[in-house]
1. Specify the residue that is farthest from the chain's Cα centre (by Cα); the eligible residues are those in the stretch 36-83 that are more than 26 Å from TRP16 (Cβ to Cβ) and polar (S, T, N, Q).
2. Suppose we filter the stretch 24-74 for residues that are closer than 18 Å to GLN12 by Cβ and among the β-branched types (Val, Ile, Thr); how many remain?
3. Can you run down the residue pairs with Cβ atoms below 7 Å, 6 or more apart or on separate chains, where the first is in the stretch 62-81 and among the aromatic types (Phe, Trp, Tyr) and the partner is outside any loop (DSSP other than H, G, I, E, B) and surrounded by 14 or more Cβ atoms within 10 Å (Cβ to Cβ)?
4. Among the residues of the stretch 21-45, which ones are among the charged types (D, E, K, R) and closer than 14 Å to THR79 by Cα?
5. Checking the condition surrounded by 15 or more Cβ atoms within 10 Å (Cβ to Cβ) and not in a loop (DSSP other than H, G, I, E, B), which residue from LEU23, LEU56, LEU78 passes?
6. Determine whether the stretch 36-46 contains at least one residue that is at pLDDT 90 or above, exposed (fewer than 15 other Cβ atoms within 10 Å of the Cβ) and in a helix (DSSP H, G or I).
7. Which residues, counting only those in the stretch 4-35, are small (Gly, Ala, Ser), at pLDDT below 90 and over 13 Å from ILE52 (Cα atoms)?
8. For LEU70, state whether it is in contact with a Gly (Cβ under 9 Å, 6 or more places away or on another chain) and either surrounded by fewer than 15 Cβ atoms within 10 Å (Cβ to Cβ) or of a type outside the set (Ser, Thr, Tyr) (or both).
Amino acid sequence: MAHESEKDLSSQVLDWVAQGRVLPLDSLLQRYQGRLDGRLLDLEVEQEGDRIIYELEILRQNGQVIEIKLDAATGEWLTDEGH
């Protein structure tokens, strides 16, 4: 279950998308469609310093679960890690 601050941050992101301060997740999913092959298992919104991060957990077709971090403002692919 998300912490109260995570819920607040998630609702704040909706406002920021409307204001153009961060990119909508849908646009980033389309941008990285070729690299995001698989099923989205989980999505979290986190703040790391001044950055707002979309953290995605993807189940690949080969059964591998990877965690991907995208900068919500710039769309930059920050990291991906396999589990």
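1. Ranking the candidates gives ASN62 first.
2. Number satisfying all stated conditions: 4.
3. TRP77/LEU70
4. Result: ARG35, single match.
5. Working: LEU23 fails: not in a loop (DSSP other than H, G, I, E, B); LEU78 fails: surrounded by 15 or more Cβ atoms within 10 Å (Cβ to Cβ).
None of the other options fit; the residue is LEU56.
6. The answer is no, given that none of the residues of the stretch 36-46 is at pLDDT 90 or above, exposed (fewer than 15 other Cβ atoms within 10 Å of the Cβ) and in a helix (DSSP H, G or I).
7. SER5, GLY34
8. no
The values are calculated or read from the model by the stated rules, or taken from the named source; none is laboratory data. Remember, it's a predicted structure, so these values are computed and weren't measured experimentally. Positions of Cβ are backbone-derived with ideal geometry, glycine not excepted, and every protein chain shown enters the neighbour counts.
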